[in-house]
Amino acid sequence: MCHIPVFCWITATVLEEVLKTREGGELPKTLTEMYIHFLVVQTKVKNVKYDGGSETDPHWSPESRKMIESLGKLAFEQLQKGNLIFYESDLTECGIDIRAASVYSGVFTQIFKEERGLYQDKVFCFVHLSVQEFLAALHVHLTFINSGVNLLAEEQTQFYQSAVDQALQSPNGHLDLFLRFLLGLSLQTNQTLLRGLLTQTGSSSKNNQETVEYIKKKIEETPSAEKSINLFHCLNELNDRSLVEQIQQSLSSGSLSTDELSPAQWSALVFILLSSEKDLDVFDLKKYSASEKTFLRLLPVVKASKKALLSGCNLSERSCEALSSVLSLESCSLRELDLSNNNLHDSGLKLLSAGLESPHCTLKMLRLSGCLITERGCASLASALRSNPSHLRELDLSYNHPEDSGVKQLSVGLEDPQWKLDILRYKD
């Protein structure tokens, strides 16, 4: 999230205040702590700057509590609908006086802002989706603590477990960050930070441990790497890092054996590698296991890496199909890819070429030495590069069988000014 300008600003705002007032206390360690501090800071600004209060006054007046409750209700209901922009009618339904909307915008500009739509209707939005997700989670938490009503499920189920289930069922992950905030708010330490806004506290250490165990169970059962990664973020919010620490110890001691990892441990390994700047600069599959099974397990890490070394790792067409999907993603970070000495054949290269021709693919270097490629594979590759000629600069096809016709199709790229290809290797 540190790549997001608004989050950097939120972090700077919080750190400035906390470093000034903490008197030796700890800095925020989780996302929930950060956003709680941000909310408190903005409430203080509102009290001092706009209401004429002093720095020592209580943060939460009845008016400011009502404001946050109304904004939280709006945030949650619109998040449920998938809306990021709201109209006057949406505000009215949540008990926000339209005449006071400009006050909400002017007083809480860092949380809520007013914009003009196409037809000069007043439209409103939060400054960032994460702020909406945090306030939505706060609203759901407040409702449950104060009234026992679970806004996430009609039936009486375990509150936090039902939230985990809903987030996992979301096809586009729109509740992932909301879930992290909601679980973070279950901790007594975070509820203490909100004293004055929360008139009651809820959830015990026993309930929190039950939630932790439920999340670990879901990590074992969840095939999606992305959803598992978010569940690890959720464990962080609950201050449980046991799975991650277990894998980290194995990595540090050199005793990690991928043959013996459970699904949860695989997910923990992916989570650790995605958090490592060093591993994302250069990902070397042989450090873990030179196998297709390991490659497919660690595919999210490959997607996030700048350079992937996959040479001699027993990869096949199945890996080419997976890589093609990765290269087609706008979020793919790969710039160099070494697939040398794998039995990919022409059929594998044809699958890979579908990703290379994607406008999102920005691969600079591709090594395919010794991959059993003939002129047919070269034809697929040439076709892909004609569709997207502006990325690949170095191509290694040595120790293959491209024949003169295959080389000729690719050599065009060395002369065509639209192609960025500078280096083509094809001799043994």
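May I ask you to list the residues in segment 266-290 that are open to solvent by 40 Å² or more (accessible area, probe 1.4 Å) and out of contact with any helix residue (DSSP H, G or I) (no Cβ under 7 Å at 6 or more places or on another chain)?
Selection gives Ser275, Glu277, Lys278, Asp281, Val282, Asp284, Lys286, Lys287.
Please list, ordered by first then second residue, the pairs with beta carbon atoms under 6 Å, 6 or more apart or interchain, first in segment 40-60 and in contact (Cβ under 8 Å) with a residue 24 or more places away in the chain and farther than 17 Å from Glu16 by Cα, second part of a loop (DSSP other than H, G, I, E, B) and of a type in the set (A, V, I, L, M, F, W, C).
Trp60/Leu197
Conditions: (1) modelled with pLDDT under 95; (2) open to solvent by less than 50 Å² (accessible area, probe 1.4 Å). Val412 meets all but one. Number of the miss?
(2)
Just to be sure before I move on: is Gly173 modelled with pLDDT under 90, in contact with a His (Cβ under 6 Å, 6 or more places away or on another chain) and on the phi > 0 side of the Ramachandran plot in the structure I sent?
No.
Provide a single number: the residues in segment 41-70 that are open to solvent by 60 Å² or more (accessible area, probe 1.4 Å), in a loop (DSSP other than H, G, I, E, B), farther than 12 Å from Gly196 by Cβ and not charged (D, E, K, R).
2
What number of residues within segment 259-282 satisfy the criterion of being of a type outside the set (Asp, Glu) and either in contact with a strand residue (DSSP E or B) (Cβ under 8 Å, 6 or more places away or on another chain) or at pLDDT below 85 (or both)?
Here the count works out to 4.
Would you list the strands (runs of 3 or more DSSP E) that sit entirely within segment 263-370 and hold 3 or more residues that are over 21 Å from the mean Cα position of the chain (by Cα)?
Because the criterion is at least 3 residues that are over 21 Å from the mean Cα position of the chain (by Cα), the strands (runs of 3 or more DSSP E) in segment 263-370 that meet it are 336-338, 365-367.
What single numbered condition from (1) in contact with a strand residue (DSSP E or B) (Cβ under 8 Å, 6 or more places away or on another chain); (2) free of Cβ contacts under 8 Å to residues at least 24 places away in the same chain fails to hold for Glu415?
Going through (1) in contact with a strand residue (DSSP E or B) (Cβ under 8 Å, 6 or more places away or on another chain); (2) free of Cβ contacts under 8 Å to residues at least 24 places away in the same chain one by one, Glu415 breaks only (1).
State which residue is farthest from Leu315 (Cα to Cα) when the search covers only segment 357-373 and only residues that are at pLDDT 95 or above and not charged (D, E, K, R).
Met365
I'd like to check something: does segment 203-210 contain any residue that is of a type in the set (S, T, N, Q) and within 15 Å of Thr32 (Cβ to Cβ)?
yes
Out of Glu357, Glu375, Glu394, report the one residue that is closer than 24 Å to Leu285 by Cβ and either surrounded by 18 or more Cβ atoms within 10 Å (Cβ to Cβ) or among the charged types (D, E, K, R) (or both).
Glu394
Looking only at segment 157-176, count how many residues are open to solvent by less than 30 Å² (accessible area, probe 1.4 Å), part of a helix (DSSP H, G or I) and under 13 Å from Cys234 (Cβ atoms).
Selection size over segment 157-176: 4.
State all residues of segment 294-323 that are within 15 Å of Asn343 (Cα to Cα) and open to solvent by 10 Å² or more (accessible area, probe 1.4 Å); if no residue qualifies, say none.
Answer for segment 294-323, where residues must be within 15 Å of Asn343 (Cα to Cα) and open to solvent by 10 Å² or more (accessible area, probe 1.4 Å): Ser311, Gly312, Asn314, Ser316, Glu317, Arg318, Glu321.
When you go through Glu245, Glu220, Glu226, Glu154 one by one, which is the residue that is out of contact with any Leu (no Cβ under 9 Å at 6 or more places or on another chain), at pLDDT below 85 and assigned to a helix (DSSP H, G or I)?
It is Glu226.
Within segment 248-262, can you find the residues that are part of a loop (DSSP other than H, G, I, E, B), more than 16 Å from Ile229 (Cα to Cα) and small (Gly, Ala, Ser)?
The answer is Gly254, Ser255, Ser257.
Just the residues that are assigned to a loop (DSSP other than H, G, I, E, B) and among the hydroxyl-bearing types (Ser, Thr, Tyr), please, taken from segment 373-413.
Once the filter is applied, which keeps residues that are assigned to a loop (DSSP other than H, G, I, E, B) and among the hydroxyl-bearing types (Ser, Thr, Tyr), segment 373-413 yields Ser390, Ser398, Tyr399.
Residue under question is Leu194, and the condition is that it be open to solvent by less than 10 Å² (accessible area, probe 1.4 Å) and more than 19 Å from Thr43 (Cβ to Cβ); does it hold?
No: the conditions fail for Leu194.
Quick check: anything in segment 230-240 closer than 19 Å to Ala308 by Cβ and open to solvent by less than 40 Å² (accessible area, probe 1.4 Å)?
no
When Gly196 is evaluated against the numbered criteria (1) of a type in the set (Gly, Ala, Ser); (2) without any contact (Cβ under 8 Å) to a residue 24 or more places away in the chain; (3) in contact with a Pro (Cβ under 8 Å, 6 or more places away or on another chain), which criterion, by number, is the only one it fails?
Failed condition: (2).
The values are calculated or read from the model by the stated rules, or taken from the named source; none is laboratory data. Treat the numbers as computed from the prediction; the structure is a model and nothing was measured. We place every Cβ from the backbone using ideal geometry, glycine too, and count neighbours over all the protein chains shown. Surface areas here come from the heavy atoms of the whole protein model, side chains and all, with no ligands, DNA or RNA. Shrake-Rupley method; radii C 1.70, N 1.55, O 1.52, S 1.80 Å.
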